[in-house]
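Everything below concerns the one structure shown next.
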Amino acid sequence: MELPKRYNANESEEKWLKYWEKEKVYLFNPDSKEEAYSIDTPPPTVSGKMHLGHSFSYSQQDFVARFQRMIGKNVFYPFGTDDNGLATERMIEKMKNVKGQKMERKDFVNLCLKTLEEIRPDFVYDWKRIGVSADYSIFYTTINEHSQRISQRSFIDLYKKDRIYRKRAPFVWCPECQTAIAQVEMKDSERDSRLVYMKFDTDVGKQITIATTRPELLPACVAIHIHPDDKRFNKLIGKKAKIPFSDREVKITANKDVDMEFGSGIVYHCTYGDMDDVKWLEELKIEPIEILNKDGILNEKAGKFKGLHVKKAREAVIKALEEENRIEKIEPIHHVVNVHERCETDIEILNTDQWFIKYLDLKADFIKYGRKIKWYPDHMRARYENWIEGLKWDWNISRQRHFGVPIPVWYCRKCNEIIVAEEKQLPVDPLADKPLKSCKCGSNEFIGEKDVLDTWATSSLTPDIAIELFKDKAVYKKLLPMDLRPQAHDIITFWLFNTVVKSYFHHQSIPWKSTMISGWALDPHGKKMSKSKGNVVDPREMIKKYSADALRFWAAGSRLGDDLPFQEKDLITGTKFATKIWNASKFTFMHLSDYKSEKPKKLEIIDIWILSKLSKLIKESTENFMNYEYSHTKLEADKFFWHMFCDNYLEIVKDRVYNVEKRGKNGKLSGQYTLYHTLLSIMKLMAPITPFITEELYQQYFKKYEKAKSIHLSKWPSFDMVDEEAEKAGEFFVFVLQQVRKAKSEQNLSLKKPVKRILAKGKITLEQFNAIKDDLKATTTAEEIEFEQLPENNEMDYEVVVDL
């Protein structure tokens, strides 16, 4: 079959997407006897559209899925969307120009669900378009009834195990999103700020100076702390200081946590500047003064600063202190502050009722579980363990939002008893539903819990969510623990750790046998991409300009776990690969037009040479894929294709398949057999990385012989015909050929110009030389070739003299 002159990537890729879907190429068969390979696919957050980081990491996990399918595994590769989180809520608020907190909960939830149904197909299509070979019929959303049931069941199970508790306590709060957040949802942000040195009066007639970056919390000051070893000020311990703009006095206490080198060496304790303030409050049994509302506005306890947002209050307090001559100095400071990772708002500490999972006592167990998992790359486990060792608080799982999985709890209106839903009534909405039984006090009046679960409390159950879609099948018990969790390194502390936690509690086992951790896609200068920096690359535009294969080719250029700067030239390289394999296939298919998939009686030595090299490449590539080192397979297969196959072998075999009368039928058949199996093997090695071009070429020619309806369902290549002697002869051949090309190039002569004489010396036998002589003469266009065998102790392996 003759191929079209040029490969049209966009047309071809759309065609094969439809074909794969129609033919159910990637369908998981729950009744299959084949070994299953289960993947805990990361459900992308529905918060806009696919970004380059998605195309980078999802391509890398897909390389592995496709390989496992080709080695005969029954691949369980579900696809879900994470759409109950704050990111989705904020996106819908922006799309619909609404504010969820100002709407009736029911109305906002319905708006979110309706909007998600509208946008989800286009969102999921982006993953299909880059060639993610998931079984999209195994689909879930983290907000659908199936997921809500499993998430609420997890809550009930942990509550029964005394691992969940509710407590009113100071905790991390985002005033922008107006919800509590967990430790994992904070991130460090470097900021320029001011260190304000404020002067306080004391009851001994002496002023003291206190340095702070949070002067706006002055009305919430409950104590002054001095290190007991600080000889400058320790005489003031036990005395009192007067709070500016009020009649209140606070005690000056000894506190060994004070850093004597920071600022003035004296700390003012306000409720709450950070979690140290919370700790000191509990240790000193001090009553807090809460001046901050949930939206970041100061309340009536802030006195004359009531009604100001914290940012404006800061300026107002500084100005008021200046008017009373209570500012000693103001210094610029560059420091790290905690912000909410979703909106980058500075976090606050507020006293609120929250639900927690108790797990700080299990750190050693979680580390032990992490060590049962095989990490690729191995060094990523250190991030997991460092996170666990640095945990300070239990996991806060309640969120003060409208859209999310409801916490399945009611409070008795009469006795305030907590009533937890029964599993048989899940999923449940406590604001609309009622408990199945009366309270033990006899009351039937209940107040439903308004809070919803943190999105990670549900996402941490993705193995259960996906696998329980097959709960009525025998395969169900074979899928846990899953084989693989693929994900990026930035959510080890979010998703990976929390999934281990849930699996520990619910299954007493690890959730997966292995995890592969991808890096980040960076801008060309190695910087993180962000809209604010204007350095974002849209993968859709790259696919349109080049192809999905080219984008995947770029993603395969990074070792697993490494960050990879985006270089458009890498996509150009990917496009050149597609063009080259298309042209090489045109040549090959043309010379295979009369090939009947036969094996010759005897293979030519130069054919054995490339098949031996191919055997080694397949073995190495298989081992690399088994260890999730797809980048090595891509690198070596690409190099083999360009240099061994195209630059050399195609030129060598050309004369044999053209001149059958001169070279003989067996010589042609040997060449055809080698062309067929070498090109097909190269295509199969590259199929996990460039699935579209390889499918196109497979369908054009190989399908009629290989029978599998897709290259992605065909068998992974397996050649085992390593022949070291043939390789020696082949390497000698290639060296001679290179020297002839070099000689012609130096004389600016055409490569087709005949060569008068070649004297070729090498460490091969005369018999080996005679076996390659005809191919060598034809390829070099030499009129005469003389051979001389070199002794094994000769310094040089080869010596060539070319007489043009």
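A few remarks follow.
- Here 137, 133 are screened, and the one residue that is open to solvent by less than 30 Å² (accessible area, probe 1.4 Å) and either in contact with a His (Cβ under 9 Å, 6 or more places away or on another chain) or of a type in the set (Gly, Ala, Ser) (or both) is 133.
- If the condition is being hydrophobic (A, V, I, L, M, F, W, C) and more than 17 Å from residue 92 (Cβ to Cβ), then region 400-418 contributes 407, 409, 410, 412, 415, 418.
- Test: residue in region 87-99 that is under 30 Å from residue 20 (Cα atoms), β-branched (Val, Ile, Thr) and at pLDDT 90 or above: no
- When region 122-162 is filtered for residues that are over 30 Å from residue 60 (Cα atoms) and out of contact with any helix residue (DSSP H, G or I) (no Cβ under 9 Å at 6 or more places or on another chain), the ones remaining, listed by number, are 145, 159, 160, 162.
- Residues satisfying the stated conditions in region 483-529, i.e. open to solvent by 30 Å² or more (accessible area, probe 1.4 Å), of a type outside the set (A, V, I, L, M, F, W, C) and not in a helix (DSSP H, G or I): 508, 509, 513, 524, 525, 526, 527, 528
- Of all residues assigned to region 731-754, at least one qualifies as being among the small types (Gly, Ala, Ser), without any contact (Cβ under 8 Å) to a residue 60 or more places away in the chain and more than 23 Å from residue 603 (Cα to Cα).
- Screening residue 655 against (1) in contact with a Lys or Arg (Cβ under 7 Å, 6 or more places away or on another chain); (2) without any contact (Cβ under 8 Å) to a residue 60 or more places away in the chain; (3) over 18 Å from residue 726 (Cβ atoms) leaves a single unmet condition, (2).
- 2 or more residues charged (D, E, K, R) and modelled with pLDDT of 95 or more: qualifying helices (runs of 4 or more DSSP H) within region 611-664: 630-639
- The residues of region 619-630 that are out of contact with any Ser or Thr (no Cβ under 6 Å at 6 or more places or on another chain) and open to solvent by 10 Å² or more (accessible area, probe 1.4 Å), listed by number, are 619, 620, 622, 623, 626, 627, 628, 629.
- Among the residues of region 287-322, the ones that are closer than 27 Å to residue 86 by Cα and either among the β-branched types (Val, Ile, Thr) or part of a loop (DSSP other than H, G, I, E, B) (or both) come to 11 in all.
- Criterion: open to solvent by 60 Å² or more (accessible area, probe 1.4 Å), touching a Gly at 6+ places or on another chain (Cβ under 9 Å) and at pLDDT 95 or above - qualifying residue of 573, 579: 573
- Residue match in region 584-598 (condition: over 24 Å from residue 646 (Cβ atoms) and at pLDDT below 95): yes
- Unmet requirement for residue 164, which otherwise passes all of (1) closer than 30 Å to residue 469 by Cα; (2) more than 29 Å from the chain's Cα centre (by Cα); (3) modelled with pLDDT under 95; (4) β-branched (Val, Ile, Thr): (3)
- Of the strands (runs of 3 or more DSSP E) entirely within region 323-393, those holding at least 3 residues that are exposed (fewer than 12 other Cβ atoms within 10 Å of the Cβ) occupy 327-340.
- The criterion of being in contact with a strand residue (DSSP E or B) (Cβ under 6 Å, 6 or more places away or on another chain) and on the phi < 0 side of the Ramachandran plot holds for residue 512.
The rows are residues; the columns are (1) within 26 Å of residue 617 (Cα to Cα); (2) open to solvent by less than 40 Å² (accessible area, probe 1.4 Å); (3) part of a helix (DSSP H, G or I); (4) in contact with an Asp or Glu (Cβ under 7 Å, 6 or more places away or on another chain).
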residue: 698; (1), (2), (3), (4): yes, yes, yes, no
residue: 702; (1), (2), (3), (4): yes, yes, yes, no
residue: 709; (1), (2), (3), (4): yes, no, no, yes
residue: 722; (1), (2), (3), (4): yes, no, no, no
residue: 728; (1), (2), (3), (4): yes, no, yes, no
residue: 731; (1), (2), (3), (4): yes, no, yes, no
residue: 740; (1), (2), (3), (4): no, yes, yes, no
residue: 748; (1), (2), (3), (4): no, no, no, no
residue: 752; (1), (2), (3), (4): no, no, no, no
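- Residue check: residue 179 meets all listed conditions (1) crowded, with 16+ Cβ neighbours inside 10 Å; (2) modelled with pLDDT of 90 or more but one, namely (2).
The values are calculated or read from the model by the stated rules, or taken from the named source; none is laboratory data. Nothing here was measured: the structure is a model prediction, and the numbers come from that model. A quick note on method: Cβ atoms are made from the backbone with ideal geometry, for glycine too, and the neighbour counts reach across all protein chains shown. Please note that ligands, DNA and RNA were not included when accessible areas were found on the heavy atoms of the full protein model with its side chains. Shrake-Rupley method; radii C 1.70, N 1.55, O 1.52, S 1.80 Å.
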